[in-house]
1. Rounded, prolate or oblate: pick one for segment 1-60, where a ≥ b ≥ c are the square roots of the eigenvalues of its C-alpha gyration tensor, a/c under 1.5 means rounded, and failing that, prolate if a/b is larger than b/c, else oblate.
2. Does segment 4-128 come out rounded, prolate or oblate, given a ≥ b ≥ c as the square roots of the eigenvalues of its C-alpha gyration tensor, rounded meaning a/c under 1.5 and, failing that, prolate meaning a/b above b/c?
3. Ordered by packing density, taken as the mean number of other Cβ atoms within 10 Å over each peptide's residues, highest first, how do 157-166, 37-46 rank?
4. What are the semi-axes of the equivalent ellipsoid of segment 73-126, taken as the square roots of 5 times the eigenvalues of the Cα gyration tensor, listed largest first and rounded to whole Å?
5. In degrees between 0 and 90, to the nearest 10, how far off the longest principal axis of the chain does helix 198-219 point, with axes built from Cα atoms?
6. How much length, in nm to one decimal, is gained on full extension between residue 38 and residue 261, taken as 0.36 nm per residue of separation minus their Cα-Cα distance?
7. Given the -39500 (n - 2.57) contribution per DSSP H run of 4+ residues, what per-residue ellipticity at 222 nm results for the chain, rounded to the nearest 500 deg cm²/dmol?
8. Roughly speaking, what is the centre-to-centre gap between segment 27-99 and segment 172-222 when only Cα atoms are used, to the nearest Å?
């Protein structure tokens with residue numbers, strides 16, 4: 001599933017090709033996504049100018065002046081910038097074609113993505129759209145820090161990994177990034193979140209920011225992959241410390257890494273480095 005760094009990488013890849021252009025045509029080959037593409041979407045957006053491209057959590061918002069397009073890649077989606085005459089492949093469901101310019105093509109084999117017009121501006125949608133209004137802060141902003149996490153955790157008893165993966169608490173900390181951040185912070189993923197000190201939450205917030213920033217930076221080296229005609233998603237190559245390495249020696253202390261399931265998600269940790 002595309003996570004926050006992949007979506008941010010996608011945003012940075014498509015923005016220079018779309019920002020400031022007018023939409024000439026919307027071609028919907030398959031409207032049956034997570035929510036059906038509304039039949040009047042083309043009528044609402046044709047001729048409008050793409051003024052801004054933004055990200056909120058894993059949603060992309062294309063600001064059109066009188067409203068916004070809300071795009072989510074779901075489980076298997078990807079976006080490509082290409083010539084509008086490029087023949088579609090199987091699962092190429094939507095083309096957003098710009099005047100005298102490129103085509104933004106949505107590829108989504110499992111059709112869990114979203115392509116929705118809203119009359120709200122991006123600012124209004126961030127504040128009150130049903131899909132966005134309950135989301136927690138962005139992890140790379142000043143709103144998110146150890147004090148915030150400590151305050152949220154005091155009245156809860158869930159595992160700390162479950163806490164940081166809750167998008168109502170903080171967005172963008174997917175399973176891989178939760179595993180890696182907790183390892184770097186030295187915190188056992190199953191530890192009750194209300195039994196962690198403020199100082200340790202400061203460290204955890206720092207590692208979450210560092211892991212996500214590094215993932216985005218590495219994704220930035222493969223932006224060209226989002227523009228290729230073969231549609232390869234080009235997700236960044238990761239150098240993972242724990243995720244997917246159960247049974248392998250810890251790269252810090254050589255203790256074999258262990259695996260457990262928290263909230264039905266694979267969780268790998270070092271029994272010596274994390275407590």
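1. Numbers: a/c = 2.42, a/b = 1.21, b/c = 1.99.
Judged from the Cα gyration tensor, segment 1-60 comes out oblate (a/c at least 1.5, b/c at or above a/b).
2. Verdict is rounded for segment 4-128.
3. Numbers: 157-166: 20.2, 37-46: 14.8.
Most protected by this proxy first, the peptides run 157-166, 37-46.
4. Each semi-axis is the square root of five times an eigenvalue, giving 22, 17, 7 Å.
5. Result, in degrees: 40.
6. 76.4 nm
7. -8000 deg cm²/dmol
8. Value for the Cα centre distance between the two parts: 32 Å.
Each value in this text was obtained by applying a stated rule to the coordinates, not by laboratory testing. Here the structure is a predicted model, which means the values were calculated and not measured. No Cβ is skipped: glycine too gets one built from the backbone with ideal geometry, and neighbour counts run over all protein chains shown.
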